[in-house]
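The values are calculated or read from the model by the stated rules, or taken from the named source; none is laboratory data. In this text, all values refer to a predicted model and were calculated from it rather than measured experimentally. Please note: Cβ atoms are built from the backbone with ideal geometry, for glycine as well, and neighbour counts cover all protein chains shown. Note: areas computed on protein heavy atoms with side chains; ligands, DNA, RNA excluded. Shrake-Rupley method; radii C 1.70, N 1.55, O 1.52, S 1.80 Å.
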There are 4 protein chains.
Amino acid sequence: MTRVGVLGAAGYGGVDFIRMALLHPELELTYLAGNTTVGKKLSDVYPFLVGTCDLVIEETSLEVAAEKADLLVFALPHATATNMVRQALSMGKPVIDFSADFRLKKASEYRDHYQEHPCPELLTQSVYGLPELHRSSISKTDLVAVPGCYPTGAILALAPAVRSDLIDTSTVIVDSKSGVSGAGRTKLTLGTHFAEVNESTHAYAVAQHRHTPEIEQELSGLGSATQVTFTPHLVPINRGILSTCYATLKKPMTAAEVLDAYQDMYAKEPFIRVLAEGELPRTKDTTGSNRCHVGIVVDERNGRLIAVSAIDNLTKGLAGAAMQCLNLVCSYPETMGLEFPGMWP
Amino acid sequence: MTRVGVLGAAGYGGVDFIRMALLHPELELTYLAGNTTVGKKLSDVYPFLVGTCDLVIEETSLEVAAEKADLLVFALPHATATNMVRQALSMGKPVIDFSADFRLKKASEYRDHYQEHPCPELLTQSVYGLPELHRSSISKTDLVAVPGCYPTGAILALAPAVRSDLIDTSTVIVDSKSGVSGAGRTKLTLGTHFAEVNESTHAYAVAQHRHTPEIEQELSGLGSATQVTFTPHLVPINRGILSTCYATLKKPMTAAEVLDAYQDMYAKEPFIRVLAEGELPRTKDTTGSNRCHVGIVVDERNGRLIAVSAIDNLTKGLAGAAMQCLNLVCSYPETMGLEFPGMWP
Amino acid sequence: MTRVGVLGAAGYGGVDFIRMALLHPELELTYLAGNTTVGKKLSDVYPFLVGTCDLVIEETSLEVAAEKADLLVFALPHATATNMVRQALSMGKPVIDFSADFRLKKASEYRDHYQEHPCPELLTQSVYGLPELHRSSISKTDLVAVPGCYPTGAILALAPAVRSDLIDTSTVIVDSKSGVSGAGRTKLTLGTHFAEVNESTHAYAVAQHRHTPEIEQELSGLGSATQVTFTPHLVPINRGILSTCYATLKKPMTAAEVLDAYQDMYAKEPFIRVLAEGELPRTKDTTGSNRCHVGIVVDERNGRLIAVSAIDNLTKGLAGAAMQCLNLVCSYPETMGLEFPGMWP
Amino acid sequence: MTRVGVLGAAGYGGVDFIRMALLHPELELTYLAGNTTVGKKLSDVYPFLVGTCDLVIEETSLEVAAEKADLLVFALPHATATNMVRQALSMGKPVIDFSADFRLKKASEYRDHYQEHPCPELLTQSVYGLPELHRSSISKTDLVAVPGCYPTGAILALAPAVRSDLIDTSTVIVDSKSGVSGAGRTKLTLGTHFAEVNESTHAYAVAQHRHTPEIEQELSGLGSATQVTFTPHLVPINRGILSTCYATLKKPMTAAEVLDAYQDMYAKEPFIRVLAEGELPRTKDTTGSNRCHVGIVVDERNGRLIAVSAIDNLTKGLAGAAMQCLNLVCSYPETMGLEFPGMWP
């Protein structure tokens, strides 16, 4: 049994982690910390948890957290908890961090896209929390950097192609469509105001989104140096990211041949499903679950691979991946607490 | 361990039952039957189940069903399986039936709203599957008639008021708002065509919906004879029913006094939550879970009670209620397999 | 030709008025005032107007407004512009006011639901801007109080029944379902945050909404004193209000007989359509247009009338009604600028 | 004044044309033909037209059409009306055709993507109805082939770049996101069933959609031979197509330099708006209007142009373009009847 504390419990990421922790037979939630919600029950903030999680949200205190919990989940925005993470580690508490703070291996990349890094020494210690790429390292670390939601979809769509050297890694384009929950719950902006985004779709932060270096770092780690043009879009759904990825094939291949490379890499993965030739993923098939569906098409006429992945941005794209990593860190079965298959419709 | 067969496995009700059965530690799905989907894996029809339920859908055969399963769930439209249910019972198999066939106690009511009843003798044997009203009888029966989705919402909203004799039962109005999944998956009509129903809301079957006699039967069973005006509406969401119920109070009361009656009846119910004074339920707080949230307001100026309930039409309104009843029939803990708290957003 | 100034041009109500003013052959927009948007083109705030309304939003100044415009539209929240309205009138400028400030005839009702009224003397001068009830008075006034969106739907649904003395006016219940644009654009709250309201529906402000006295004032003016229980709901659509209204019939009647009363009152109304027996309105049939569709059902079993109306909350419920009144005030054909029939889907 | 007949009046394309024709001062609708809707008023099929278009839908008869109308709009699926179009032309009636039948200049391309062409001789006579490319020819023809919705978005996004020779035309990728109305109203499929598509997004027909040759034909006509990888997606909105287009720049350029080419081509276009640097289009900004918004980003790091266009798939993508062409054919001002600026939200 592991006692778990969640800092930033009342955000969408935190609460999605908590709904899975409640079903996990080896976890006990012992500490929830918040900011504007301190003093309320979590179930007052989120009535769907009435009767299943009536814990009171406490003020953020690392001392209390360390006393009450064996492992800490930081579900906070980047640059908010960097120093607390360092302290937690020094107190011997393993950390699962949702922010961007420990994902990039180069402090200079972090500076370019975020700010000066306050604890660059931790960047070598942290492990990028994508078990499909770093399972062994995750199981040995005490600092997991949970990947960004967009990078998870893009990397899982393209990893087998890069790893098997099928594509020209200078031609990669990632066109992603995200649900609105990706913007979180705390900041209320016109961009998430119902009447503004409903019945519309648009691109944003084209070719300059901060998730770009994550995608490039991880794909480059699998083969040739990879550079991507990344275009995120907003679609009016609550949850889900569809990533449509394009790259030029190094040589003519059939879809069946490409699928072999995907099956080679993913056949034993508990949460990745490679779809049969001719099938393409839908985001709703992964809603609420930790699964990722990947389908591919070969455009033989133009010598291009189109690889499409679907995930739930809050689950496999954040809180589910966190749980999967926690299981590895704590030596629990990797799928524990993640059995919920989603639902339809 | 109970081996369960589901007939009509590929409808929305069937598959919602199955996603919960997969998490139920004492159930084993051993037989799935369908119609247009025979020969396919359930996960081919519903890719969200890939890797968790890859059973093949078989042709409907009561012999095979009886051989493979200890208990049968009929997730079929009314008047489709009445005779099969009779046979199943005669073969000693308990039945959980999703249709309207065994809900109404009077064959004449069934005839008025559906057709001549083929097995009226079963109507005394069947139990209306609302555990909050008939827990003890359900645990002793082998034929459970799962309530209609609208009646579940309406009855749970009003039951304490009728039972405690707070309202004039000739003044009851039920104004319900349902998600589109209530129309099922099999019949494709203009009324469920995305572009037609999206961004719109409307009433239908006003004062003549077939769920009306169910509501009246069950409320009348709790106190004075009750007659309702029932108005269903369609709202463009996938899941959920909000039932806003109106009735004249017999004498002036405060909200606190009314809430006492609700707490009296529901305080120990595992799936019903009576909201505090001033709070009102939202359908999304119950999405995917077997919960029902009930809130009330007293309009003191007009001497009226407004009771509002929220449920997921497919879960507490159908498949979850079925599982709750199955647990009672099989003497499992009533909440087994129903722990999923939903999710947000 | 009338030169029109709009104060509060960048709210949803203001901009919906403007899109119709652009198509009105006798109106010229000469002054737009805003608050946080001052200095921007309206088309920068609302790119759908690029090329059709590139006017710059100015600071609010009654002097400038009076100089540039012959008639002023105040599209501002209640209690914001009351004194400016008084000044405008004293400068001889007719006023169309979107707020609640001049709707209630009794200053005490305004105080009970809003605050102490700063200019109670104007309440006798102002006319409630529902042409179907007050056409003649509107055409003679210089101060039109545009009705609230909910009252418009409720009053139009019930007016013929009250006017023809068909119903017991102590039994009226109004159950309304509104799109989210009704909450406006300026205040960003969790209650209008996409991921919170999407895929959900709920009631709010039950039996205490400030639109209640408006409904009662106007219906009472048509016949017996009317008291209503009013329950607003939010549904996840951009535009539209469906009002489902219930009342006990004074004596048994058929739907055809009730429809006669509705046809009597509405047959010549340019924007009201009484649906044939058996038909019920859908909000989307009125989206973007100034129309109101009304359908009725008689629940003969319970002696009740159910009258349902559909409007676009921003158009017939606000800006379209304002234009209809402006046409009357300015002696233009009542339908001028309001010809857009909506669209489907 | 031109008398217009619409064949296929009750489809989404037909009715969108009709709502604009009703506002067109020089058009009179004199003949509406349908199939399953014959004998009904159009306003019975589409209640939003009650009071504005109560014409009765007639059986399809070219003789009657030719007698009653001066110009015929064929709003029918491909290969349905090819011969009727030929007859209409021989009777001296100009034709605006919504289908794919006369868009492709090469009969072999039509055969490859549709079927053997029944009237290949008309392919030289017909003009591709994109005024921004073929204004002069359209004004002289009597057979306009209205472009496909996807091609309109893709071509308008890329035309200036191809025309000014800015991009390598072998690197073009078009990633489009369409609303569900693009699937029409006639065929009811699981793929347009509300509960299936709501809250989800997916790609389909990747690299094999029949609109691909149209895009290639028109772009190639502007400069170098162009080959595209085209990926359509479905998003749960009623109307709108966002086309995100990628191509490698021939040499390093700034966004400002690229925008010059776009302004060169589009500055005087009545319905195209080139957005300022840093701005990107949203589909809802064009909903219901005949406008197209185009924004571009240069990914300098990767030497790529990203051009994004937004249109309403039913209006600029179909019925609005048809009206724009009709105006040219009939020598009316090009914007007549197309003044509706859309609305927000």
>> Suppose the filter is β-branched (Val, Ile, Thr) and open to solvent by less than 10 Å² (accessible area, probe 1.4 Å); does B:VAL228 pass it?
In response: yes
> Can you name every residue in segment C:160-186 that is without any contact (Cβ under 8 Å) to a residue 60 or more places away in the chain and of a type in the set (Ser, Thr, Tyr)?
Replying inline: C:SER170
>> Take the conditions touching an Asp or Glu at 6+ places or on another chain (Cβ under 8 Å) and under 21 Å from C:HIS134 (Cα atoms) and apply them to C:THR315. Does it pass?
In response: yes
> Can you name the condition, by its number, that C:ASN198 falls short on among (1) touching a Cys at 6+ places or on another chain (Cβ under 7 Å); (2) in the same structural domain as C:LEU222 (by TED's automatic domain parsing)?
Replying inline: (1)
> Which of the residues belonging to segment B:180-210 are in contact with a Leu (Cβ under 9 Å, 6 or more places away or on another chain) and open to solvent by less than 30 Å² (accessible area, probe 1.4 Å)?
Replying inline: B:VAL180, B:SER181, B:THR192, B:HIS193, B:GLU196, B:VAL197, B:SER200, B:THR201, B:ALA203, B:VAL206
> Residues of segment A:236-247 being among the hydroxyl-bearing types (Ser, Thr, Tyr) and either within 9 Å of another protein chain (Cβ to nearest Cβ) or at positive phi (or both), which ones?
Replying inline: A:THR244, A:TYR246
> Out of (1) facing chain B (nearest Cβ under 9 Å); (2) free of Cβ contacts under 8 Å to residues at least 12 places away in the same chain, what's the single condition that is false for C:HIS233?
Replying inline: (2)
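Taking the residues in segment B:167-179 that are more than 23 Å from the chain's Cα centre (by Cα) and open to solvent by less than 40 Å² (accessible area, probe 1.4 Å) as candidates, determine which candidate is farthest from the other protein chains (Cβ to nearest Cβ).
In the first step, residues of segment B:167-179 are kept if they are more than 23 Å from the chain's Cα centre (by Cα); the result is B:167-168, B:170-171.
This time we only want the ones that are open to solvent by less than 40 Å² (accessible area, probe 1.4 Å), so: B:167, B:171.
Working: B:ILE167: 14, B:THR171: 8 Å.
Only one residue tops the list, namely B:ILE167.
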> What are the residues in segment D:280-306 that are part of a loop (DSSP other than H, G, I, E, B) and either open to solvent by less than 10 Å² (accessible area, probe 1.4 Å) or at the interface with chain A (Cβ under 10 Å from one of its Cβ atoms) (or both), if any?
Replying inline: D:LEU280, D:PRO281, D:THR287, D:GLY288, D:SER289, D:ASN290, D:GLU300, D:ARG301, D:ASN302, D:GLY303
> Where in segment B:1-114 are there helices (runs of 4 or more DSSP H), lying fully within it, with 3 or more residues that are away from chain A (no Cβ under 14 Å)?
Replying inline: B:62-68, B:82-90, B:107-113
>> So in segment C:37-93, with the set limited to residues that are of a type in the set (Val, Ile, Thr) and over 24 Å from C:GLY148 (Cβ atoms), which one is surrounded by the most Cβ atoms within 10 Å (Cβ to Cβ)?
In response: C:ILE57
> Yes or no: C:GLY182 of a type in the set (Gly, Ala, Ser), within 14 Å of chain B (Cβ to nearest Cβ), over 18 Å from the mean Cα position of the chain (by Cα) and part of a helix (DSSP H, G or I)?
Replying inline: no
> Out of all the residues in segment A:191-205, which are over 19 Å from C:THR201 (Cβ atoms) and either outside any helix (DSSP H, G or I) or more than 7 Å from every other protein chain (Cβ to nearest Cβ) (or both)?
Replying inline: A:GLY191, A:SER200, A:THR201, A:HIS202, A:ALA203, A:TYR204, A:ALA205
> Going by the structure shown, is A:SER139 under 20 Å from A:ASP70 (Cβ atoms) and in contact (Cβ under 8 Å) with a residue 60 or more places away in the chain?
Replying inline: yes
> If you go through segment D:290-321 one residue at a time, how many are acidic (Asp, Glu) and either assigned by TED's automatic domain parsing to the domain that holds D:TYR12 or within 13 Å of the chain's Cα centre (by Cα) (or both)?
Replying inline: 1
> For B:ASP112, are the conditions met, namely being surrounded by fewer than 17 Cβ atoms within 10 Å (Cβ to Cβ) and out of contact with any strand residue (DSSP E or B) (no Cβ under 9 Å at 6 or more places or on another chain)?
Replying inline: yes
>> When you check C:ARG301 against the structure, is it among the basic types (Lys, Arg) and in contact with a helix residue (DSSP H, G or I) (Cβ under 8 Å, 6 or more places away or on another chain), yes or no?
In response: no
>> Suppose the filter is open to solvent by less than 10 Å² (accessible area, probe 1.4 Å) and more than 9 Å from chain A (Cβ to nearest Cβ); does D:LEU219 pass it?
In response: yes
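Could you tell me whether C:ALA21 is open to solvent by less than 20 Å² (accessible area, probe 1.4 Å) and out of contact with any Lys or Arg (no Cβ under 6 Å at 6 or more places or on another chain)?
When the stated conditions are applied, C:ALA21 passes them.
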> Taking segment D:269-279 as the region of interest, how many residues are in contact with a His (Cβ under 7 Å, 6 or more places away or on another chain) and either more than 20 Å from A:THR201 (Cα to Cα) or open to solvent by 30 Å² or more (accessible area, probe 1.4 Å) (or both)?
Replying inline: 1
> Looking only at segment D:206-220, which residues are in a loop (DSSP other than H, G, I, E, B) and over 15 Å from the mean Cα position of the chain (by Cα)?
Replying inline: D:VAL206, D:ALA207, D:GLN208, D:HIS209
>> Please count how many residues of segment A:317-331 are part of a helix (DSSP H, G or I), open to solvent by 10 Å² or more (accessible area, probe 1.4 Å) and over 17 Å from B:TRP344 (Cα atoms).
In response: 2
> Any residue at all in segment A:248-265 that is within 19 Å of A:PHE340 (Cα to Cα), away from chain D (no Cβ under 11 Å) and part of a strand (DSSP E or B)?
Replying inline: no
